[in-house]
Amino acid sequence: VMFGVSVGLLWAVRVGPVEAVGRAGAGERAPRGRLLGELRDGLRHLRGHQRLRRLVWVIGLGEMCFSGPLFAGLVLLADERGWGTAALGWILTAFSVGGAVSALTMAVARHVSGAGAVLAGSLLVTAVVVTVLGRIGSPGSAIALGGLLGAVSGVAMVLGNALLQKAAEPRYLGRLTSVTTLCTLGLSPLLYPLTGLVAAAWGAATFFAACGAICALAAATALTQPLRGARL
């Protein structure tokens with residue numbers, strides 16, 4: 001039903017013609033044979049901007065584990081601990097509520113003066129929380145940590161994408177968003193087999209620790225120049 005409503009909404013949206021990017025002139029339609037050239041132009045634009053490259057790296061690392069593999073890890077964790085499906089449902093609910101609260105908070109924020117530092121801090125807290133979550137033994141504590149994880153990871157997601165939109169040229173924004181989507185939603189299914197293999201060999205806690213290490217790497221990248229002094 002929700003997909004059907006989405007199709008209806010998209011059908012009602014009216015957009016103007018998409019303008020070509022790169023060698024095509026303003027308002028000129030891009031012929032199909034030029035699509036690969038425009039893709040190369042977009043990647044070349046990314047290579048030529050250090051801040052954009054590092055932002056894409058931070059977003060990709062920070063969101064990769066949360067695009068699906070972490071939820072598979074939660075299923076395995078709940079099974080190992082014997083918590084049952086009800087506890088798993090409450091953990092996921094708490095995660096969603098925490099993400100919604102952080103999104104609403106960021107929506108009403110007038111400005112974020114130290115956006116780069118806040119991004120790094122939220123990713124670092126995310127790394128700690130996700131690591132501790134993998135070692136927790138009580139379902140009640142896991143539910144509380146799930147809510148905290150949703151809140152801090154939501155802040156990182158909003159700030160990362162907002163900084164990307166601010167730094168990118170408008171005509172390349174779609175291409176850069178596609179790159180970050182490829183790094184998160186596109187590559188995350190490849191981590192599902194790895195999730196199962198790691199959990200089977202060393203336990204679900206090891207997988208959560210690996211997710212924490214990835215988030216810590218993203219936080220370290222966000223602390224480098226020129227991201228550290230970014231403002232919104």
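So, for the stretch 147-229, what is the accessible surface per residue at a probe of 1.4 Å, expressed in square angstrom?
46 Å²
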Which residue, PHE95, GLY134, GLY114, has the largest displacement toward the positive end of the dipole of the chain when charges sit on each Cβ (Lys, Arg +1; Asp, Glu -1)?
GLY114
Calculate, axis by axis, the spread of Cα positions in the stretch 95-184 along the three principal axes, and write the results as whole Å, longest axis first.
49, 30, 21
Average projected area of the Cα convex hull of the stretch 31-177, in nm²?
10.7 nm²
To the nearest 10 degrees, the tilt of helix 84-108 (Cα long axis) against the first principal axis of the alpha carbons of the chain is 40 degrees
Taking only the alpha-carbon atoms of the stretch 159-202, what semi-axes of the equivalent ellipsoid follow from 5 times the gyration tensor eigenvalues under a square root, in whole Å, largest first?
32, 11, 4
Loop only by DSSP, 10 or fewer other Cβ within 10 Å of the Cβ. Give me the trypsin sites (Lys or Arg not before Pro) in the stretch 40-140 that pass, ordered by residue number.
ARG110
Rounded to the nearest 10, the angle in degrees between the Cα long axis of helix 115-133 and the longest principal axis of the Cα atoms of the chain comes to 30 degrees
What percentage of the solvent-accessible surface of the stretch 108-158, computed with a 1.4 Å probe over protein heavy atoms, is contributed by carbon and sulfur atoms?
72 percent
Can you give me the Cα centroid spacing of the stretch 200-232 and the stretch 85-148 in angstrom?
14 Å
Cα centre as origin, Lys/Arg/Asp/Glu Cβ charges: the chain dipole, Debye:
880 debye
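The values are calculated or read from the model by the stated rules, or taken from the named source; none is laboratory data. Here the structure is a predicted model, which means the values were calculated and not measured. All Cβ positions, even for glycine, are placed from backbone atoms using ideal geometry, and neighbour counts span all protein chains on display. Calculation scope for accessible area: heavy atoms of the full protein, side chains included, ligands and nucleic acids excluded. Shrake-Rupley method; radii C 1.70, N 1.55, O 1.52, S 1.80 Å.
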